[in-house]
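Structure first, commentary second.
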Amino acid sequence: MSELLDCQKFERTVSASAKPIVAIVLCALCSLLPPQGLAANTEAQHPQISIETKYVKVSVTVDTALKPFPELFGDCFSEGKAWFTKTNGDAAAEWHDNRKAFRDLQWFYERDYALRSVVGRYIGVVRSDAWFDGGAHPNQHADTILWDNVARKRTNIRAFFSETTDSGPTMSTLAQLARLAVATAKLANGINGYGDDDGPPAEQMTPEQELQRDTFIQDGIKPKILELGPVTLAPSTETGKSSGLTFHYSPYGVGPYVEGPYTVFVPWTKFQQYLSPQGVALFGGERPQDDKERW
């Protein structure tokens with residue numbers, strides 16, 4: 001028996017006898033994932049909560065860069081701990097009831113919370129889930145957290161805009177800007193629509209033309225505050241400001257799995273006419289080069 005403890009003395013007692021071949025198989029499966037990470041971190045991070053048995057490995061990692069914000073760190077840790085407990089319990093039940101589903105492979109579930117940006121009172125976090133539960137390939141999913149460090153709670157971008165009605169002027173503009181950013185990224189990758197072999201090559205298409213042919217983008221981005229996609233504030237060359245919005249789309253979010261994730265940027269100058277007084281005070285400057293390279 002082996003005992004694994006998190007930093008809050010959270011204990012689980014399990015047997016640990018994973019076969020070496022499992023690691024080889026999972027590494028091969030993970031190599032099929034796109035090279036672009038959902039939330040890459042430049043520093044080595046270690047899980048605060050983890051467990052490993054012969055049939056499953058589960059872990060939660062909260063970025064140590066969030067420790068200067070104890071309420072946010074605790075919020076992420078608490079959420080991650082609840083996810084860990086449920087996920088591990090579900091895997092144990094599946095192992096007990098349907099062992100054949102594992103096909104002699106070790107499943108895994110990983111949740112990471114990575115610091116994205118600090119802009120004034122707002123802190124952006126990208127929450128990334130990666131898992132393999134016996135399917136054809138591993139999967140991954142990204143979501144985001146916008147934390148108000150004055151109110152000490154999670155919030156969203158609604159307060160930054162003067163109007164946020166579903167399908168209204170602001171949401172329609174933001175949705176279209178996000179769609180065009182994804183279409184631009186797809187064309188840069190040589191992807192030009194689906195189900196139409198007679199279209200021009202990607203290098204001869206505009207983002208607007210791509211949108212007409214790619215229903216994945218239209219279906220994945222809606223003109224609603226909670227359906228634009230996971231969003232964070234991008235840092236700026238101007239201290240205390242944000243240079244715009246970064247959207248974090250998971251595989252399947254705006255395209256088939258093989259395309260992988262898309263992280264796209266919309267500069268604040270493209271939507272400045274819709275900003276509230278709070279938004280006007282928040283946005284400015286340009287996106288730093290190192291942020292472009294990382295995200």
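The values are calculated or read from the model by the stated rules, or taken from the named source; none is laboratory data. It should be emphasised that the depicted structure is a prediction, and the values quoted were computed from it without experimental measurement. No Cβ is skipped: glycine too gets one built from the backbone with ideal geometry, and neighbour counts run over all protein chains shown. Quick note on the areas: whole protein, heavy atoms, side chains included, nothing else; ligands and nucleic acids left out. Shrake-Rupley method; radii C 1.70, N 1.55, O 1.52, S 1.80 Å.
Quick notes on this structure:
Yes/no matrix, rows are residues, columns are (1) in contact (Cβ under 8 Å) with a residue 60 or more places away in the chain; (2) outside any helix (DSSP H, G or I); (3) open to solvent by 30 Å² or more (accessible area, probe 1.4 Å):
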residue	(1), (2), (3)
163	yes, yes, yes
173	yes, no, yes
182	yes, no, no
209	no, no, yes
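- Unique residue being open to solvent by less than 20 Å² (accessible area, probe 1.4 Å) and of a type outside the set (S, T, N, Q) when the list is 89, 124, 120, 135: 124
- Residue ID - nearest to residue 293 (Cα to Cα), chosen from residues in the range 86-120 that are among the acidic types (Asp, Glu) and touching a strand residue (DSSP E or B) at 6+ places or on another chain (Cβ under 6 Å): 112
- On the stretch given as the range 92-117, residues that are more than 25 Å from residue 248 (Cα to Cα), open to solvent by less than 30 Å² (accessible area, probe 1.4 Å) and polar (S, T, N, Q) total 1.
- Selection status of residue 203, open to solvent by 30 Å² or more (accessible area, probe 1.4 Å), over 23 Å from residue 164 (Cα atoms) and not hydrophobic (A, V, I, L, M, F, W, C): yes
- When residue 216 is tested against the conditions (1) in contact (Cβ under 8 Å) with a residue 40 or more places away in the chain; (2) not in a helix (DSSP H, G or I), the lone failure is (2).
- Which numbered condition residue 291 misses (of (1) acidic (Asp, Glu); (2) loosely packed, with under 14 Cβ neighbours inside 10 Å; (3) outside any loop (DSSP other than H, G, I, E, B)): (2)
- Out of 225, 221, sole residue that is under 30 Å from residue 109 (Cβ atoms), touching a residue at least 60 places away in the same chain (Cβ under 8 Å) and out of contact with any His (no Cβ under 9 Å at 6 or more places or on another chain): 225
- You will find that of 70, 47, the residue that is over 14 Å from residue 133 (Cα atoms), open to solvent by less than 70 Å² (accessible area, probe 1.4 Å) and at pLDDT 95 or above is 47 and no other.
- Scanning the range 256-283 for residues that are surrounded by fewer than 16 Cβ atoms within 10 Å (Cβ to Cβ) and at pLDDT 95 or above turns up 269, 272, 273, 277, 278, 280, 281.
Quick grid of which residues meet (1) under 22 Å from residue 284 (Cα atoms); (2) modelled with pLDDT of 95 or more; (3) aromatic (Phe, Trp, Tyr); (4) open to solvent by 50 Å² or more (accessible area, probe 1.4 Å):
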| position | (1), (2), (3), (4) |
| --- | --- |
| 166 | no, yes, no, yes |
| 177 | yes, yes, no, no |
| 192 | no, no, no, no |
| 217 | no, yes, no, no |
| 224 | no, yes, no, yes |
| 228 | yes, yes, no, no |
| 242 | yes, yes, no, no |
| 250 | no, yes, no, no |
| 254 | no, yes, no, no |
